[in-house]
Amino acid sequence: MDLQGQNGLMSTYREGWRNRNPAGIAAAVSIVAFYVVLYFEDKVTRYTGFAPLTGLAEAVGLRNRWYLYGFLYCLVMMAGAVYYLGRHGNSRYNRYRVGANVGVQVTLGFLLPFVMPLFGGTEFYASYFWPLKYDYFFPQTLQDLPVYMAVYTVAGSLVAAPILAYFYGKRWYCSWVCGCGGLANTFGDPWRHLTSTTARSWRFERASIYTVLAFAVTMTVLVAVDFFIGDAHPSFHAFVSGERWDDWSVKTFYGFFVGSILAGVVGTGLYPLFGPRLWCRNFCPMAALLGLIQKAGRFRIRVKKDMCISCGNCTTYCEMGIDVRSYAQTNESFTRASCVGCGMCAHVCPRGVLRLENDKTTKTTLPVVTS
Amino acid sequence: MSTHVVIVGNGIAGMEAALGIRAREPSWPITIVSEESDHFFSRTALMWVHSGQLDHRGIEPYERDLYARKNFTRVRARAVGVDTERELLQLTGNQDALSYDRLIIACGSAPRRGPWPGSDLRGVGHFITLQDLEWFEKEVYGAAVRERPPRADAHLASTTEDSPYLHRETATAKRNRPLERAVVIGGGLVGIEAVEVLRAAGKQVTFVIREDWYWPMAIDGRESAWIAERMREHGVDVRLGENVEAMLGDDDGNVRAVKTDAGEIPTDAVVVAVGVIPNTGWLTGSDIEIDERGGVVVDDSLTTSAANVFAAGDCASVRWHDGTQRPEQLWYTGREQGRVAAAVALGDDARYARGTWFNSAKLMDIEYTTVGQVESDSDRRADWFFEERGEVRSTTRIATKDGRVVGFNLLGRRWDHEVLIGFIEGGLTLAQALDRLHEASFDTEFVPPLVIPNKARNARSAPDGESA
């Protein structure tokens with residue numbers, strides 16, 4: 001095993017489709033178009049009389065276009081995983097991480113929700129938690145779910161996820177479990193070097209991601225309040241929970257703007273132009289929340305003293321746009337809220353300067369007893 | 001009263017000095033004279049720009065607005081002399097001399113040129129400067145495919161014939177067909193980098209090494225055999241113990257072959273990687289003292305023989321831990337020297353003191369860490385050696401002297417040199433060091449730990465000289 005071989009990275013900037021050439025732009029346009037049709041097919045149908053994805057889903061015997069999407073997602077993710085492991089699979093961390101992520105998504109993210117309704121069960125996505133899966137915290141949803149699922153989603157979101165993030169960093173979710181992260185690290189891997197690393201992009205990230213988090217929390221609270229008083233206050237109910245697309249409510253606006261536009265159309269569609277973690281870095285409320293816990297928790301990236309040669313491989317290949325080099329060259333072990341712990345900075349470092357650790361207290365220099 | 005600081009060199013030592021001074025003196029005018037580039041970049045990363053793993057912006061450690069933000073004035077010109085009496089730095093072209101209150105010379109290294117006939121042929125070059133990179137990229141790929149750094153040619157208005165920053169014509173363009181094969185001469189780090197990027201481009205490579213094994217300065221025969229094996233696995237024609245005699249050219253002045261004592265090696269290009277020398281030719285004739293290696297002689301406070309003139313980085317000849325005076329051409333010592341030079345220029349009583357030696361490198365895809373004294377000429381030293389051939393392949397060599405560990409030479413795994421320095425400074429015995437070796441492990445998560453069987457623990461090779 002070549003522990004840290006980088007053969008898979010050598011030609012990144014010599015491959016045009018990975019660097020915003022016409023093929024890269026065409027790829028982005030195609031993915032954007034796909035997501036527009038996926039999310040807004042009813043509108044497409046209204047204007048064209050044609051429902052491409054639903055039609056295709058029915059043709060292949062799937063219940064609706066969302067199952068078709070789940071199926072395509074799994075295929076693309078597995079193909080991406082083959083590409084990823086071909087390039088970076090010489091590291092055990094990369095193999096275990098991507099293997100786990102693909103396994104979780106194919107089973108919990110696709111097979112289980114597909115199979116359970118066949119046996120009269122509820123369609124349930126066990127790999128998503130609030131605030132990413134915000135509707136699982138709506139009182140109506142909790143009421144409708146079987147009790148064990150309701151307990152699972154509440155305890156998972158409020159207890160397990162934060163505790164794991166405290167001890168292992170947000171990577172346990174964002175890089176080992178999550179579907180968005182899983183797609184980014186497989187299908188999106190060819191474009192990871194395109195994530196902006198400027199100070200300006202970091203400022204934008206902080207402003208936008210906490211705005212979305214605040215929006216997600218506010219919406220959850222409003223929907224809960226509406227559950228109890230909505231009947232008595234119809235205008236409040238319409239403002240918060242109105243389901244009609246054409247007169248906006250808080251819920252439909254969040255679903256449209258955050259759920260469809262930012263997570264799907266922009267977050268995934270623009271992989272080939274701005275890197276694969278646009279959504280995770282700038283908009284995901286779950287990443288924002290776990291990031292805050294990570295800052296207070298035990299995960300860090302440790303920097304070996306004085307060994308950095310400032311080459312920039314870590315910064316270039318950080319999919320979250322963290323300027324890792326700025327810490328490495330100043331001997332500063334660090335924890336950044338946005339770090340999803342993909343491990344690529346440590347993997348590509350030609351001097352072995354970086355290491356992901358679950359313990360902030362390890363001293364850089366261990367005491368040596370004079371014999 | 002403001003003090004004008006002039007820094008010759010935009011590399012790691014010069015940039016650290018500039019940042020160090022700016023951190024304490026927001027208003028001092030700081031002028032950085034650079035012939036090579038507008039932007040500070042990591043010279044150690046040139047190979048990745050060549051292969052396409054990084055782009056030019058990627059190897060620049062700071063965003064390009066750094067000079068504006070820090071109020072550094074940049075001059076793209078070649079310095080040609082110092083008038084220490086009038087405190088003037090002379091430049092070529094129609095550039096006015098710069099008057100300084102403090103002068104920091106951090107002009108780095110230039111490639112050592114090959115001594116062989118035909119070394120001036122088209123297609124023969126080096127891999128040290130940004131301009132070398134551009135030549136080498138064009139030679140291999142026919143063109144530099146990515147965006148060039150801004151104002152890549154700004155220095156051409158102010159340079160001299162002997163500058164290491166001139167652009168070179170490629171033999172590939174003249175020959176009008178793509179490069180198929182190349183020869184790399186010199187068994188050191190830049191040589192193996194040139195080999196690696198040529199293989200990444202799918203070219204045939206012959207690596208000509210004068211010594212009996214690759215990089216004898218740092219690694220021993222057993223370690224080097226593995227590196228050579230790995231190079232051959234990657235399709236490199238490794239020639240050991242072969243001496244270059246001449247470069248042979250065709251009628252157009254393009255190199256066509258390298259002649260060695262073992263025969264002729266046909267080639268389309270040659271990378272000469274036989275080391276670097278301080279880039280100090282321009283100081284000849286000034287009254288700044290230069291030693292026989294070309295280094296600017298400095299004392300422990302990095303002050304030269306002239307008042308208010310300091311030197312840092314590759315061009316400075318500093319006192320080593322072993323008491324000798326010579327240039328120390330490493331990235332992190334350049335950075336440290338830049339910091340010390342800044343402090344001294346600010347009036348501090350700072351001293352440059354190198355602790356226990358350490359370094360690291362990557363040889364093809366094998367990582368290398370060294371700490372302490374492992375050179376084969378150390379007297380009364382014995383080596384303990386272990387080669388791991390499991391899921392991980394690695395070698396561990398621990399040098400001892402008078403029963404205490406004095407050095408580590410480690411290939412294939414990652415180690416925290418600071419812990420190993422602690423072992424040496426703590427005076428551990430070999431047995432103690434082996435017991436505690438795991439404390440220094442820096443491998444990524446899930447890598448199986450190094451296990452040293454008892455049998456191997458107790459094996460001792462004979463003192464050096466007998467075992468080699």
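The values are calculated or read from the model by the stated rules, or taken from the named source; none is laboratory data. This structure is a prediction, so every number in the text was calculated from the model and none was measured. Note: ideal-geometry Cβ built from the backbone for every residue, glycine included; neighbour counts use all protein chains shown. Ligands, DNA and RNA are excluded from the accessible area calculation, which covers all protein heavy atoms including side chains. Shrake-Rupley method; radii C 1.70, N 1.55, O 1.52, S 1.80 Å.
Take the residues in the stretch A:45-74 that are aliphatic (A, V, I, L, M) and open to solvent by 40 Å² or more (accessible area, probe 1.4 Å); name whichever of them is nearest to residue A:246 (Cα to Cα). Can you show your working first?
In the first step, residues of the stretch A:45-74 are kept if they are aliphatic (A, V, I, L, M); the result is A:51, A:53, A:56-57, A:59-60, A:62, A:68, A:72.
Within this subset, residues satisfying the condition of being open to solvent by 40 Å² or more (accessible area, probe 1.4 Å) are A:56, A:59-60, A:72.
On the way: A:56: 27, A:59: 31, A:60: 32, A:72: 30 Å.
Ranking the qualifying residues of the stretch A:45-74, first place goes to A:56.
Select, from B:30, B:59, the only residue that is open to solvent by less than 10 Å² (accessible area, probe 1.4 Å), touching a helix residue (DSSP H, G or I) at 6+ places or on another chain (Cβ under 6 Å), hydrophobic (A, V, I, L, M, F, W, C) and more than 9 Å from chain A (Cβ to nearest Cβ).
B:30
Could you tell me whether the stretch B:381-392 includes any residue that is open to solvent by 40 Å² or more (accessible area, probe 1.4 Å), assigned to a loop (DSSP other than H, G, I, E, B) and either more than 10 Å from chain A (Cβ to nearest Cβ) or without any contact (Cβ under 8 Å) to a residue 40 or more places away in the chain (or both)?
no
If you scan the stretch B:344-377, which residues turn out to be away from chain A (no Cβ under 14 Å) and not in a loop (DSSP other than H, G, I, E, B)?
Answer for the stretch B:344-377, where residues must be away from chain A (no Cβ under 14 Å) and not in a loop (DSSP other than H, G, I, E, B): B:344, B:345.
With the condition being modelled with pLDDT of 95 or more, more than 14 Å from residue A:344 (Cα to Cα) and among the small types (Gly, Ala, Ser), I'd like the helices (runs of 4 or more DSSP H) fully within the stretch A:150-197 carrying at least 2 qualifying residues.
So the answer is A:161-168, A:179-185.
Which pairs turn up if I take residues in the stretch B:196-212 that are under 21 Å from residue B:263 (Cβ atoms) and look for partners that are open to solvent by 30 Å² or more (accessible area, probe 1.4 Å) and assigned to a loop (DSSP other than H, G, I, E, B) with beta carbon separation below 6 Å, at least 6 apart in sequence or on another chain?
Going by the 6 Å Cβ cut-off, the qualifying pairs are B:210/B:243; B:212/B:241.
Do you know which residues across the stretch B:393-435 are outside any loop (DSSP other than H, G, I, E, B), more than 8 Å from chain A (Cβ to nearest Cβ) and more than 23 Å from residue B:361 (Cβ to Cβ)?
B:400, B:401, B:404, B:430, B:431, B:434, B:435
Where in the stretch A:236-342 are the helices (runs of 4 or more DSSP H), entirely inside, with at least 1 residues that are surrounded by 17 or more Cβ atoms within 10 Å (Cβ to Cβ), out of contact with any His (no Cβ under 8 Å at 6 or more places or on another chain) and more than 14 Å from chain B (Cβ to nearest Cβ)?
The helices (runs of 4 or more DSSP H) meeting that bar are A:250-254, A:271-274, A:278-282, A:285-296.
Within the set of pairs 6+ apart or on separate chains, which have a first residue in the stretch B:151-172 that is farther than 19 Å from residue B:75 by Cα, a second that is assigned to a loop (DSSP other than H, G, I, E, B) and at pLDDT 95 or above, and C-beta atoms under 6 Å apart?
Hits for this filter: B:171/B:123; B:172/B:179.
Can you confirm whether residue B:445 is over 23 Å from residue B:219 (Cβ atoms) and either within 11 Å of chain A (Cβ to nearest Cβ) or buried (at least 20 other Cβ atoms within 10 Å of the Cβ) (or both)?
Numbers: over 23 Å from residue B:219 (Cβ atoms): yes; either within 11 Å of chain A (Cβ to nearest Cβ) or buried (at least 20 other Cβ atoms within 10 Å of the Cβ) (or both): yes.
Yes.
If residue B:279 meets every condition in (1) open to solvent by less than 50 Å² (accessible area, probe 1.4 Å); (2) more than 14 Å from chain A (Cβ to nearest Cβ); (3) touching a Lys or Arg at 6+ places or on another chain (Cβ under 8 Å) apart from one, which number is that one?
Here residue B:279 clears every test but (3).
Would you mind finding the one in B:94, B:176 that is over 26 Å from residue B:285 (Cβ atoms) and of a type in the set (S, T, N, Q)? Write out each step before concluding.
Working: B:94 fails: over 26 Å from residue B:285 (Cβ atoms).
Being over 26 Å from residue B:285 (Cβ atoms) and of a type in the set (S, T, N, Q) holds for just one of B:94, B:176, which is B:176.
Select, from A:247, A:231, A:323, the only residue that is over 20 Å from residue A:211 (Cα atoms) and modelled with pLDDT of 95 or more.
A:323
Go through the stretch B:323-354 and give me each residue that's basic (Lys, Arg) and open to solvent by less than 20 Å² (accessible area, probe 1.4 Å). Lay out the reasoning, then the answer.
First, the residues of the stretch B:323-354 that are basic (Lys, Arg): B:326, B:335, B:339, B:351, B:354.
The one that is basic (Lys, Arg) and open to solvent by less than 20 Å² (accessible area, probe 1.4 Å): B:335.
Which residue, of A:115, A:82, A:102, is under 30 Å from residue B:366 (Cα atoms) and free of Cβ contacts under 8 Å to residues at least 60 places away in the same chain?
Details: A:115 fails: under 30 Å from residue B:366 (Cα atoms); A:102 fails: free of Cβ contacts under 8 Å to residues at least 60 places away in the same chain.
Going through A:115, A:82, A:102 in turn, the sole match is A:82.
Scan (1) more than 30 Å from residue B:172 (Cβ to Cβ); (2) open to solvent by 10 Å² or more (accessible area, probe 1.4 Å); (3) assigned to a strand (DSSP E or B) for the single condition residue B:317 breaks and write down its number.
(2)
When the stretch B:229-259 is examined, which residues are found to be polar (S, T, N, Q) and farther than 26 Å from residue B:109 by Cβ?
Residue satisfying the conditions is B:254 alone.
Hand me the list of helices (runs of 4 or more DSSP H) wholly inside the stretch A:57-147 holding 1 or more residues that are among the polar types (S, T, N, Q) and assigned by TED's automatic domain parsing to the domain that holds residue A:260. Break it down into steps so the answer makes sense when it comes.
Working: elements: A:65-88, A:92-106, A:112-115, A:139-144.
Result: A:92-106, A:139-144.
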